[in-house]
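Taking it in order: structure first as structure tokens, then the write-up.
The values are calculated or read from the model by the stated rules, or taken from the named source; none is laboratory data. Worth saying up front: this structure is predicted, and the values here are computed from it rather than measured. Here the Cβ is made from the backbone with ideal geometry for all residues, glycine too, and neighbour counts use every protein chain on show. For the accessible areas, the whole protein counts, side chains as well, though only heavy atoms, and no ligand, DNA or RNA atoms are used. Shrake-Rupley method; radii C 1.70, N 1.55, O 1.52, S 1.80 Å.
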Amino acid sequence: FTLVGCKKGDKDPFISFKSRKDRLTGKWQITAWTVDEKDQLTGHRLDTLSAGGCTLYISYDTTSDDYLTFDKSGEFELRFKQTATTTATPQTASGTCVAGSSSVDNVTLQEGIWMFAGGSGNFKNKEELILTDVYHVNGAIWDIIELKSKEILIEFDETDPATSVVTKTAMTLKKVKD
């Protein structure tokens, strides 16, 4: 009797009979996605603008089929669809603003390769996930906070080189298919 995987991350299961690679591969629904603790998935206001007697509200809604897929050969696909709705509201009854709204769909699709990092600094082997987008020729190193068979929590910090401002992105994923 041999254990395939033991706890790596602080929130990982104590014992797993699947390797980290086996737990990661499959199709995952994005159930939470935040940037600097602001929800990126559901109806948040991106901005409120006032111009020409109008107040413009811009909100975003997503579909239930936003997903991230990892396959065993080391390829990934991220699909994220948002509908941006802009609503114009007159500020006064005599303003020149015409009330109304419009919507635009925006689908983001990223494809590339993934691999576990070999461990560096304070991170153990396979506690970080490297995603490289082959079309946009960029990559990111995500910290694996929790990796269970049916749920993943990953985080990514990015520092703007010009301003030194750090942006923190976090995703929670639920497995929908192995």
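When the residues of region 148-162 are narrowed to those that are within 18 Å of the chain's Cα centre (by Cα) and open to solvent by 40 Å² or more (accessible area, probe 1.4 Å), which ends up farthest from Thr69 (Cα to Cα)? Among those that are within 18 Å of the chain's Cα centre (by Cα) and open to solvent by 40 Å² or more (accessible area, probe 1.4 Å), it is Thr159. Asn125 satisfies every condition listed in (1) buried (at least 16 other Cβ atoms within 10 Å of the Cβ); (2) farther than 22 Å from Lys38 by Cα except (1).
Can you confirm whether Thr34 is modelled with pLDDT of 85 or more, assigned to a strand (DSSP E or B), touching a Gly at 6+ places or on another chain (Cβ under 9 Å) and under 30 Å from Asp143 (Cα atoms)? Spell out how you get there, then give the answer.
Details: modelled with pLDDT of 85 or more: yes; assigned to a strand (DSSP E or B): yes; touching a Gly at 6+ places or on another chain (Cβ under 9 Å): no; under 30 Å from Asp143 (Cα atoms): yes.
In short, no.
Can you spot a residue in region 153-160 that is outside any strand (DSSP E or B) and either among the acidic types (Asp, Glu) or over 26 Å from Lys21 (Cβ atoms) (or both)? Checked against the condition, which is being outside any strand (DSSP E or B) and either among the acidic types (Asp, Glu) or over 26 Å from Lys21 (Cβ atoms) (or both), region 153-160 yields at least one hit.
Would you check if Thr167 is hydroxyl-bearing (Ser, Thr, Tyr), at pLDDT 90 or above and open to solvent by less than 60 Å² (accessible area, probe 1.4 Å)?
On the way: hydroxyl-bearing (Ser, Thr, Tyr): yes; at pLDDT 90 or above: yes; open to solvent by less than 60 Å² (accessible area, probe 1.4 Å): yes.
Here the answer is yes, as Thr167 does meet what is asked.
Would you confirm, using the coordinates I've provided, whether Asp105 is acidic (Asp, Glu), open to solvent by less than 40 Å² (accessible area, probe 1.4 Å) and on the phi < 0 side of the Ramachandran plot? Considered against the rule, which asks whether it is acidic (Asp, Glu), open to solvent by less than 40 Å² (accessible area, probe 1.4 Å) and on the phi < 0 side of the Ramachandran plot, Asp105 comes out as no.
Taking region 99-119 as the range and being within 19 Å of the chain's Cα centre (by Cα) and of a type outside the set (Gly, Ala, Ser) as the test, the residues that pass are Asp105, Asn106, Val107, Thr108, Leu109, Gln110, Glu111, Ile113, Trp114, Met115, Phe116. No other residue among Ser64, Ser19, Ser59, Ser50 is under 30 Å from Thr96 (Cα atoms) and either open to solvent by less than 80 Å² (accessible area, probe 1.4 Å) or at pLDDT below 65 (or both) apart from Ser59. Would you confirm, using the coordinates I've provided, whether Ala99 is surrounded by 11 or more Cβ atoms within 10 Å (Cβ to Cβ) and without any contact (Cβ under 8 Å) to a residue 60 or more places away in the chain? So Ala99 fails the test. Given the condition open to solvent by 40 Å² or more (accessible area, probe 1.4 Å), more than 22 Å from Asp36 (Cα to Cα), in contact (Cβ under 8 Å) with a residue 12 or more places away in the chain and aliphatic (A, V, I, L, M), answer yes or no: does some residue in region 132-147 qualify? Taking every residue of region 132-147 in turn, at least one turns out to be open to solvent by 40 Å² or more (accessible area, probe 1.4 Å), more than 22 Å from Asp36 (Cα to Cα), in contact (Cβ under 8 Å) with a residue 12 or more places away in the chain and aliphatic (A, V, I, L, M).
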